[in-house]
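Engineer: Okay, handing you the structure first.
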Amino acid sequence: MAVLDKLTSQEAIELENKYGAHNYHPLPVVLSRGEGVYVWDVEGKKYYDFLSAYSAVNQGHCHPKIVDAMTNQAKTLSLTSRAFYNDMLGRYEKFATEYFGFDKLLPMNTGAEAVETALKIARKWAYEVKGIDENKAQIIVCENNFHGRTTTIISFSNDPIARKNFGPYTKGFLKIEYDNLQELQETLESSNNIAAFLVEPIQGEAGVFVPSEGYLAAAKKMCEDHNVLFIADEVQTGIARTGRLLATCGNCSCPEKNCSGTPEVKPDVLILGKALSGGAYPVSAVLANDSVMNVIRPGNHGSTFGGNPIAAAVAMAALEVVADEKLAINADKLGKIFRAELTEFCKTTDLVSFVRGSGLLNAILINDTEDSSTAWDICIKLRDNGLLAKPTHGNIIRFAPPLVMTEEQLMDCISIIKKTISEF
Ligand SMILES: *Cc1c(COP(=O)(O)O)cnc(C)c1O
């Protein structure tokens, strides 16, 4: 078989099963093309994408402006490493720091790398600025967190599947309940060795857990009072997904440029990934002000691909699309419609307990046990009816379409979801 012969879905799945490590359990659908809110399988069937590659494709599949930036830069200069300067990185760093309101940016590639980078920055800051004794720094994290897959990050996960038999684990993390201010306060008071609090503004992988109103602002204030860095992992929630440029922004309606100017919480360290490239390329970043970022000096940290010219060009284009097309405003508007419609629908069915979320990061809870196959079976039926979504944690289905969706398309999707669930 020639490498580029056309495959059937069945053949493509068999190839992955035979030659690929089994580290995922994909929904059985084989995609070969995407445009905007749509993807097509190899047989030509068209679907609404309701996952957006875990919120990486906020700007829609193959956005022409992002693809142009990527291909033009790929034809000009792709990689220099950081051994030399290139004429794109500084431009991107200026653009992105002004866009998000920080002094400096450290470029990486994947979300997990950016989280690792933030943890390293926080520890170095703790020793060199806060004055914690060497090797004593502690970082507070939350139960049911998801921050990626490296050995250090899974060391403070409490998902047994992500963790078991990958030890010994990295030390220096204290786990507290999410959305629990009292436990945060007690933990901050329990030790003088706390460097940082690492938190997701909404827990995405855990099943779209939205904390109580005011939680983030109060947590940030507590951290400030204890000279502890507040690190926001906005890899999934950032870049307009939750109806604001960042989920840590206040509830402004973004009249001008996607919320800039009214942060509810200004993190000391901001972690971005996923939609920073619109899904076109692996691009992640850590942003912080000089008082924190300046602890990093030559040789302390790096990445061969981090800050490469293609990544810089792609990220600038991807962020321009978010502002030009007012994606935060659209996510806010469509999210409200989505939750209102599904809340009404919940009253008519026993199968769905509730819908929750913010902007276009939403989830429904299926009224069945966590180990039941109901959510998976619903996702298979949704696929048959032309909409792709995936269960997270057994009985929760996350709904996160690209933010370029129109109201008409959303109403079409809502009717597919209602019809599919009603058939059960
Ligand atoms: C996806 C995700 C990560 C990890 O990103 P990768 O690019 O998969 O390494 C980290 N944090 C959060 C909140 C995420 O959703």
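Engineer: Just give me the residues in the stretch 1-60 being hydroxyl-bearing (S, T, Y), within 16 Å of the ligand (Cβ to nearest atom) and on the phi < 0 side of the Ramachandran plot, in sequence order.
Structural biologist: Y24
Engineer: Separate question: Would you pick out the residues in the stretch 277-292 that are out of contact with any Pro (no Cβ under 7 Å at 6 or more places or on another chain) and surrounded by 19 or more Cβ atoms within 10 Å (Cβ to Cβ)?
Structural biologist: S277, G278, G279, A280, Y281, P282, V283, S284, V286, L287, A288, V292, listed by residue number.
Engineer: Does S353 fit the bill of being among the hydroxyl-bearing types (S, T, Y), open to solvent by 20 Å² or more (accessible area, probe 1.4 Å) and part of a strand (DSSP E or B)?
Structural biologist: For S353, the condition - among the hydroxyl-bearing types (S, T, Y), open to solvent by 20 Å² or more (accessible area, probe 1.4 Å) and part of a strand (DSSP E or B) - is met.
Engineer: Go through the stretch 2-31 residue by residue and tally those that are at pLDDT 95 or above and among the aliphatic types (A, V, I, L, M).
Structural biologist: Adding up the residues that qualify gives 8.
Engineer: Additional query: Within the stretch 356-383, can you find the residues that are open to solvent by less than 30 Å² (accessible area, probe 1.4 Å) and in a helix (DSSP H, G or I)?
Structural biologist: Once the filter is applied, which keeps residues that are open to solvent by less than 30 Å² (accessible area, probe 1.4 Å) and in a helix (DSSP H, G or I), the stretch 356-383 yields T374, A375, I378, C379, L382.
Engineer: Okay, moving on. Need a quick list: strands (runs of 3 or more DSSP E) entirely within the stretch 31-108 having at least 1 residues that are over 27 Å from D233 (Cβ atoms) and not assigned by TED's automatic domain parsing to the domain that holds T248.
Structural biologist: Where strands (runs of 3 or more DSSP E) fall fully within the stretch 31-108 and carry at least 1 residues being over 27 Å from D233 (Cβ atoms) and not assigned by TED's automatic domain parsing to the domain that holds T248, they are 31-35, 38-41, 46-49.
Engineer: Another question, then. Can you find, within the stretch 226-238, the residue that is farthest from L119 (Cα to Cα) among those that are part of a loop (DSSP other than H, G, I, E, B) and aliphatic (A, V, I, L, M)?
Structural biologist: The qualifying residue farthest from L119 (Cα to Cα) is V235.
Engineer: Got at least one residue in the stretch 154-164 being in contact with a helix residue (DSSP H, G or I) (Cβ under 8 Å, 6 or more places away or on another chain), in the same structural domain as V295 (by TED's automatic domain parsing) and of a type in the set (K, R)?
Structural biologist: Yes, the conditions are met somewhere in the stretch 154-164.
Engineer: Is it the case that the stretch 112-122 has a residue that's crowded, with 16+ Cβ neighbours inside 10 Å, more than 16 Å from the ligand (Cβ to nearest atom) and basic (K, R)?
Structural biologist: Within the stretch 112-122, none of the residues are crowded, with 16+ Cβ neighbours inside 10 Å, more than 16 Å from the ligand (Cβ to nearest atom) and basic (K, R).
Engineer: Separate question: Give the stretch 277-293 a look and list any residue that's within 16 Å of the ligand (Cβ to nearest atom) and within 19 Å of V199 (Cβ to Cβ), or say none.
Structural biologist: S284, A285, V286, L287
Engineer: Checking the condition over 17 Å from the mean Cα position of the chain (by Cα) and small (G, A, S), which residue from A400, A340 passes?
Structural biologist: That would be A340, the only listed residue that is over 17 Å from the mean Cα position of the chain (by Cα) and small (G, A, S).
Engineer: State yes or no: is D133 under 15 Å from V269 (Cα atoms), surrounded by fewer than 20 Cβ atoms within 10 Å (Cβ to Cβ) and of a type in the set (D, E, K, R)?
Structural biologist: In short, no.
Engineer: For the stretch 372-385, enumerate the residues that are farther than 17 Å from E43 by Cα and more than 25 Å from the chain's Cα centre (by Cα).
Structural biologist: Hits for the stretch 372-385 are S372, S373, T374, D377, K381.
Engineer: Residues that are polar (S, T, N, Q), more than 22 Å from L361 (Cβ to Cβ) and either within 16 Å of the ligand (Cβ to nearest atom) or out of contact with any strand residue (DSSP E or B) (no Cβ under 9 Å at 6 or more places or on another chain) (or both): does the stretch 61-71 have at least one?
Structural biologist: yes
Engineer: Listed residues L342, L319, L270, L334; which is crowded, with 19+ Cβ neighbours inside 10 Å, within 16 Å of the ligand (Cβ to nearest atom), in contact (Cβ under 8 Å) with a residue 12 or more places away in the chain and not in a loop (DSSP other than H, G, I, E, B)?
Structural biologist: None of the others qualify; the one that does is L270.
Engineer: Counting just the residues of the stretch 192-209 that are away from the ligand (no atom under 16 Å from the Cβ) and open to solvent by less than 30 Å² (accessible area, probe 1.4 Å), which one comes out farthest from W125 (Cα to Cα)?
Structural biologist: Step by step, filter the stretch 192-209, then rank; the result is I194.
Engineer: Report whether or not E189 is among the acidic types (D, E), away from the ligand (no atom under 16 Å from the Cβ) and either under 11 Å from I140 (Cα atoms) or outside the structural domain of R123 (by TED's automatic domain parsing) (or both).
Structural biologist: It is false that E189 is among the acidic types (D, E), away from the ligand (no atom under 16 Å from the Cβ) and either under 11 Å from I140 (Cα atoms) or outside the structural domain of R123 (by TED's automatic domain parsing) (or both).
The values are calculated or read from the model by the stated rules, or taken from the named source; none is laboratory data. As the structure is a prediction and not an experimental result, all values here were calculated from the model. Virtual Cβ from ideal backbone geometry, glycine too; neighbours counted across all protein chains shown. Note: areas computed on protein heavy atoms with side chains; ligands, DNA, RNA excluded. Shrake-Rupley method; radii C 1.70, N 1.55, O 1.52, S 1.80 Å.
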